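Below is one structure, written out as structure tokens; the observations come after it.
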Amino acid sequence: MQHAVRSRAAIRTGLTPVPRPRTPSVASLMDADALRVLHRAARALLDDLPDLTDRLVALLREQEPAYRTALTKDPTATWQEAHRSLRHSVTSLLDPRGARDAARRCSWRIGAARAEQGLPLDALLHAFRLGGSLVWQRLVEETSRTAPEDVRLLVHVAADVWNFVDEHCTLVADAYRQTEWQLGRRRENRARLLAAGLLDGTSRIADLPEAAQALGLPEYGRYYVVAVTGAPPARSDAARAVLPPGARVHWHAGTDVDYGIVLDVADSADDADDDGLPGPAGPEDAPDAPVAGVRIGIGSAVDGLASVGDARRRADTALEICPRTGGTVRLADHLPAALVASSPELGGALAERVLGPLLRLEAADREVLLDTLTTWLDCDGSAQRAGERLYCHRNTVLNRLRRCEQLTGRSLARPADLVEISLAPVPYTHL
């Protein structure tokens, strides 16, 4: 008795030729005889099911590496799975209608369970086809042993046997893909919840290892957060372009603001040791926002995923002092303004105290003076450069600045007054 499973084509060509066309009455008799032969052989297979299962498991171990691994981890469970599947398959040959639903449920459960275990779908389908081939081979062998003259009748039920195999391969694939999709959604939702917990600062210490695995980031390392806001399509483009190539980042999309949890450059040496690739870039290397109307705030770095909530608050502060027209603000480059922005009430009080008379001017006059004062501060106190930016003469700039001094009662030449003026206007009045 041959042990190897022959291909479907080989099995068919090895049998007696298909009979010549016959009348319906003869065909009916032939079909009845074929079912009788099929049932006799199937009952013998059912009585010898453990041996049939052993042969299938041996074939899987020999021909399918994924099942070889599964058999090494849990041989009993794999044997029982094969045994159940073969029992339902053979029982379906004896009672197609009565056994159909139970066989379908069995195949569906196998497809779903193997998807959860991560067994490749190709390996699973190969196992089902091997099982179908083995059942067909044993039917032919049993009939050849007990009634060789009836082997020719099996050709009339071959299509039914292989249709059953094809149906259950499709069923298994559907169950596998549906479960895989559900698992993917579950992983995505869990990763989103874990990222939200990190950004909110509500994560439990016990959740940090899971969060690190779900986000693909190390638990220990230096992180900073990037906050991006603007119209959704433009925001997405800016989010992808805001970091240098090679940065390791997990993006968390929100309704108004998207957050990126970024591994800092401080860990680049460790990363290079791990995979031979250069490490990620730090916040100072991030490019400016490439899309008009998009505002980006880049916070300063913190230690470990446990502190990502602090990094998110720093990114929010950077975003708060970002111009409303768009741009990129790195918190480390705007610490004085960030100090004021972190306390809006005090910032508003400072703006009113220092610039109150200027703020109560007519809108057009107020805007001109604030533009001039802000531009002069941005130009490091150079009236010449400020005039070039404002398209006016330097003397015009100086005249406007003197008017600001008169209205506020503060001198731009006095350091203490200059500090107050430089802190007060930008984040609270002019943007």
Requested in this report: Between beta-carbons, use under 14 Å as the cut-off and find the net charge around residue 77, counting Lys and Arg +1, Asp and Glu -1.
Outcome: +1
Report summary line: residue 38 neighbourhood, Cβ < 11 Å, K/R = +1, D/E = -1, net charge -2
Query - Stokes-Einstein D (µm²/s) once Rh is taken as the Kirkwood radius of segment 80-124 over alpha-carbon pairs, at 20 °C in 1.002 mPa s - result: 194
Report task. Extending each Cα 7 Å along its Cβ direction at residue 213 and residue 385, get the distance between those two points in nm, one decimal. Result -> 5.3
Query raised in the report: Put a dot 7 Å past each Cα toward the Cβ at residue 417 and residue 160; how far apart are the dots in nm?
Result: 10.4
Query raised in the report: Once the Cα atoms of segment 146-230 are picked out, what are the Rg and Dmax in Å?
Result: 26.3, 80
Query raised in the report: Given labels modelled 7 Å from the Cα in the Cβ direction, how far is it in nm from residue 188 to residue 73?
Result: 2.5
Report summary line: Mean Cβ-within-10 Å packing, highest first, puts peptides 356-364, 304-312, 381-389, 80-88 in the order 304-312, 80-88, 381-389, 356-364
Requested in this report: Can you tell me how much longer the chain between residue 33 and residue 349 gets when fully stretched, taken as 0.36 nm per residue apart minus their C-alpha distance, in nm with one decimal?
Outcome: 103.8 nm
Report task. Quote the FRET efficiency, to the nearest 0.05, computed for residue 102 versus residue 255 with a Förster distance R0 of 30 Å and r equal to the Cβ-Cβ distance. Result -> 0.05
**Report entry** Segment residue 181-residue 95, extension gain: residue separation times 0.36 nm, minus the distance between their alpha carbons
**Finding:** 27.6 nm
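Summing Lys, Arg as +1 and Asp, Glu as -1, what charge do residues with Cβ under 15 Å from the Cβ of residue 209 carry, residue 209 excluded?
With Lys, Arg at +1 and Asp, Glu at -1, the neighbours total -1.
Every number here is computed from the coordinates shown, using simple stated rules; none is lab data. As the structure is a computational prediction, the values presented were derived from the model and not from experiment. We place every Cβ from the backbone using ideal geometry, glycine too, and count neighbours over all the protein chains shown.
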